[in-house]
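First the structure, in the form of structure tokens, and then the observations on it.
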Amino acid sequence: MPIGMYIITTTIMDLLLILPSPPAGLGTTEWYTNIIYTIGLGIPKNTVAGIAVLTHGITLCLIAILGLTSLSSIGYGYFNTGKSDKRVYK
């Protein structure tokens, strides 16, 4: 897929995900992905299902990494969750 088409489809997906959806976008993300890629671009449904699963996996990893990084930056670690050594407020 050309880079221009990738940018357009990603932009459309991002705009559609602004609409209200259930937690983690389960169901609606697959539906939007199916419409954009299958109907719009003619990609087979089994490939589109793989794209949707990959999108969820990447999003999950990004949120987990950013969340753990944020927690560790304020003193909350994996083993001492809720017991910060640093005072956030004085």
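Residue by residue through region 31-48, note down the ones that are in a loop (DSSP other than H, G, I, E, B) and touching a residue at least 24 places away in the same chain (Cβ under 8 Å). Correct list: L41 only. Mind checking which residues of region 1-29 are of a type outside the set (S, T, Y), surrounded by 14 or more Cβ atoms within 10 Å (Cβ to Cβ) and more than 12 Å from the chain's Cα centre (by Cα)? Listed by number, the residues that qualify are I8, I12, L16.
Listed here are the residues, each with its yes/no results for (1) assigned to a helix (DSSP H, G or I); (2) modelled with pLDDT of 85 or more; (3) of a type in the set (A, V, I, L, M, F, W, C).
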| residue | (1), (2), (3) |
| --- | --- |
| M13 | yes, no, yes |
| L19 | no, no, yes |
| T29 | yes, no, no |
| G67 | yes, yes, no |
| S72 | yes, no, no |
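Of the numbered criteria (1) assigned to a helix (DSSP H, G or I); (2) within 13 Å of the chain's Cα centre (by Cα); (3) surrounded by fewer than 15 Cβ atoms within 10 Å (Cβ to Cβ), the one I51 fails is (3).
The values are calculated or read from the model by the stated rules, or taken from the named source; none is laboratory data. These numbers come from a predicted model, not from an experiment. Every residue, glycine as well, gets a Cβ built from its backbone with ideal geometry; the counts of neighbours run over all protein chains shown.
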